[in-house]
Amino acid sequence: MLANMSEELRERFAQVQRELLERWPESRIGPGLARVTDLLDLLGEPQRSIPAIHVAGTNGKTSTARMIESLLRAFGLRTGLFTSPHLHDITERIRIDGEPVAIERFVDAYDDIAPLLALADERSEQRGGPRLTFFETMTCLAYAVFAEAPVDVMVIEVGIGGTHDATNVIDAQVAVVTQIDFDHMHILGNTLEEIAANKAGIIKPGAAAVLAAQQPEAARVLLARCAEVGATPLRESLEFAVVERLAAVGGQQLSLRGHFGDYDEVFLPLVGAHQAQNAAAALAAVEAFLGGAVEQQRGPLDVDAVREGFAQVTSPGRLEVVRRDPTVIVDAAHNPAGAASLAAGLQEAFSFGHLVGVVAVLGDKDADGMFAHWAPVVDEFIVTRNESARAQDPADLAAQAAAHIEPERISVMPDLASAITEAVSRADAARERLGGGVGVVVTGSVVTAGQARALLGARKV
C-alpha cells in the first residue's frame, strides 16, 4: 500500500500516525465519554446517521465482528467495520466493504476533524481532563469515515468493557456479547458480575441482545440488563446454536440453528469450537438486524447468502497457519480463556507429534494462567519478548512456564525474530527424528501475532 503512494502522502500519513500515537495509548483509559461526545457533537453526530451492530465480550470479538460484516456484505449491504487493535497497519481498524480504508481517505478524514479535535481537546483540558486518547480519536475518526462513505451499516467492536468504552456513543439495534471471562480487571472489576455489568452497557433500550453462552454469574447480569431496558435476549443454546460441526479441509462444516430457521452445509474457513460458536452468534446478530423486530416470527434468511458470507470470512492471527513445512501457526491469545481456546483448537485441528511454542506476553497479562492451558499440548517453549514497550521480561515468563512444565523444556531468547528462527530449526530437527507431524505456534499477544505475521511474510489482512 505504501509503495504506491506519493512521497508527500507517505510523509503526511507518517505525521498523522505520530500525532495519534502521542496521545494516551489505548491501554490507558480516560474517565467518561464527555470527550468523545464533545468531538462527535462538533462533527454533527455522524455515529447517529447509520444503523449499527455493537460487539463486546472478553474473547472472540474481532472474529465475530468480521463474520457479521462478511454476512452483511453477502446480503448486499455496504459495510463499515471498526476493530482493534491492529496487527500491522493502523488503517486495518477502519474497513469499508471489507477492505482497510485507503490511506488517502484516512489522512483526509483526519485533516477534516483536526480543527474540531483541537477544540474538543481544549474543552477537556479546561475541565481538568486529558486530551482525547488514541482510541477515542480513532473511534471518532471511524464514525466520521463511515458517515462520509456512506455505509449502510456499521459493525463496531468495543475496545475495553462496554459502558465506558469510547465506542458506546451509539444506540445499536443489535448488541452482541461474546463469552465473558477475566481480563482487564484493573479497569472492569475483579468479579464476573462486575465485568459483565460493564459489558452489558452496550445493550440499549429496544435492542436485540445476542448473548453467547455465559457462566451463570455473567448470564444473570446480562439478562437483568435486558429486562431493565426492554431489550430482547437471544441466547446461545435457546434462540440460536451450533447444531453440528465436522472437520473439513481448511476449516469446518457447520449446521447452525438461528432464531428464524436452520442453516445447513455452512463452510467456515476457521478452526476451533470457539469459532463455530462465534459463527452462531454472528448469524443470530445478522438475523436480528435484517429481520427487524425479532419478536415477529419470520422465515430463515437466504441460505446461499449465509453460506457465501461465511465462506469469505478471514480472521488473521487467530489459529492462522502462516507457513508450512514446518507448519507455523500464529494466534493472538492474550488471556487464559483465549489460551484455552487455542489449546483446544490445536488438539482438534492438528496432529503434531512435536510442537514448539514461542511465547511473548505483555506485562499486565496473566501469563501463568495461559501456560497452564498450553502446557499439556506444547512440547517445549521458547519464551521471548515482542516489540511492545509493555512486553513482559522473558526471564519472568520462563519462571511462570516452569510452574507447569519441566525447566529443561523451556528456553529464553532475547527477541521474537530469533525465537521463531530457533523454533523452526527445532521443529525441523524433530521432524527428522519423528518423520513428520511437527509444528510451531507463536502466541501470547496481539502484538506478538502481528509481529510474527510480518516476520513470516503474512501481511494481508
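Structure above, values below:
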| item | result |
| --- | --- |
| Odd one out for LEU132, checked against (1) part of a loop (DSSP other than H, G, I, E, B); (2) within 21 Å of the chain's Cα centre (by Cα); (3) among the aliphatic types (A, V, I, L, M) | (2) |
| The listed residue being in contact (Cβ under 8 Å) with a residue 40 or more places away in the chain and closer than 21 Å to PHE260 by Cβ, out of VAL313, VAL358 | VAL313 |
| Selection within segment 19-28 - buried (at least 16 other Cβ atoms within 10 Å of the Cβ) and assigned to a helix (DSSP H, G or I) | LEU20 |
| Test: residue in segment 358-365 that is surrounded by fewer than 19 Cβ atoms within 10 Å (Cβ to Cβ), at pLDDT 95 or above and not aliphatic (A, V, I, L, M) | no |
| From the options LEU222, LEU238, LEU256, LEU234, residue that is crowded, with 21+ Cβ neighbours inside 10 Å, at pLDDT 95 or above and not in a strand (DSSP E or B) | LEU222 |
| Residue satisfying all of: in segment 195-247; small (Gly, Ala, Ser) and farther than 29 Å from LEU270 by Cβ; nearest to the chain's Cα centre (by Cα) among these | ALA197 |
| Residue in segment 176-196 that is in contact (Cβ under 8 Å) with a residue 40 or more places away in the chain, assigned to a strand (DSSP E or B) and crowded, with 17+ Cβ neighbours inside 10 Å present | yes |
| Inter-residue pairs, beta-carbon under 8 Å, first within 22 Å of ALA452 (Cα to Cα) and in segment 82-100, second of a type in the set (Lys, Arg) and at pLDDT below 95, 6+ apart | HIS88/ARG459 |
| Residues (buried (at least 19 other Cβ atoms within 10 Å of the Cβ), part of a loop (DSSP other than H, G, I, E, B) and either in contact with a Pro (Cβ under 9 Å, 6 or more places away or on another chain) or at pLDDT 95 or above (or both)) located in segment 29-49 | GLY30, LEU43 |
| Qualifying residue in segment 50-64 (condition: touching a Pro at 6+ places or on another chain (Cβ under 8 Å) and outside the structural domain of ASP331 (by TED's automatic domain parsing)) | yes |
| Elements of type helices (runs of 4 or more DSSP H) in segment 392-461, at least 3 residues being within 13 Å of ALA360 (Cα to Cα) and in contact (Cβ under 8 Å) with a residue 40 or more places away in the chain | 416-434, 446-455 |
| Qualifying position, being of a type outside the set (Asp, Glu) and either outside any loop (DSSP other than H, G, I, E, B) or buried (at least 21 other Cβ atoms within 10 Å of the Cβ) (or both), among LEU71, LEU77 | LEU71 |
| Residue satisfying all of: in segment 335-351; out of contact with any Asp or Glu (no Cβ under 8 Å at 6 or more places or on another chain) and part of a loop (DSSP other than H, G, I, E, B); nearest to ALA452 (Cα to Cα) among these | PHE350 |
| Selected residue [in contact (Cβ under 8 Å) with a residue 60 or more places away in the chain and β-branched (Val, Ile, Thr)] from VAL286, VAL266 | VAL286 |
| Matching entry among ALA212, ALA196 (being small (Gly, Ala, Ser) and touching a strand residue (DSSP E or B) at 6+ places or on another chain (Cβ under 7 Å)) | ALA212 |
| Positions within segment 141-165 being among the acidic types (Asp, Glu) and either over 13 Å from the mean Cα position of the chain (by Cα) or outside the structural domain of ALA218 (by TED's automatic domain parsing) (or both), in sequence order | GLU148, ASP152, ASP165 |
| Residues satisfying the stated conditions in segment 139-158, i.e. surrounded by fewer than 24 Cβ atoms within 10 Å (Cβ to Cβ) and under 24 Å from ARG18 (Cβ atoms) | ALA144, GLU148 |
| Single condition ASP165 does not satisfy, out of (1) in a loop (DSSP other than H, G, I, E, B); (2) surrounded by fewer than 24 Cβ atoms within 10 Å (Cβ to Cβ) | (2) |
| Segment 1-18, subset in contact (Cβ under 8 Å) with a residue 24 or more places away in the chain and assigned to a helix (DSSP H, G or I), residue surrounded by the fewest Cβ atoms within 10 Å (Cβ to Cβ) | LEU2 |
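The rows are residues; the columns are (1) in the same structural domain as VAL359 (by TED's automatic domain parsing); (2) buried (at least 20 other Cβ atoms within 10 Å of the Cβ); (3) in contact with a Pro (Cβ under 8 Å, 6 or more places away or on another chain); (4) modelled with pLDDT under 95.
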site: PRO394; (1), (2), (3), (4): yes, yes, yes, no
site: LEU416; (1), (2), (3), (4): yes, yes, no, no
site: THR421; (1), (2), (3), (4): yes, no, no, no
site: ALA427; (1), (2), (3), (4): yes, yes, yes, no
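The values are calculated or read from the model by the stated rules, or taken from the named source; none is laboratory data. Keep in mind the model is a prediction, meaning the values are calculated, not measured. Note that we place each Cβ from the backbone using ideal geometry, even for glycine, and neighbour counts take in every protein chain shown.
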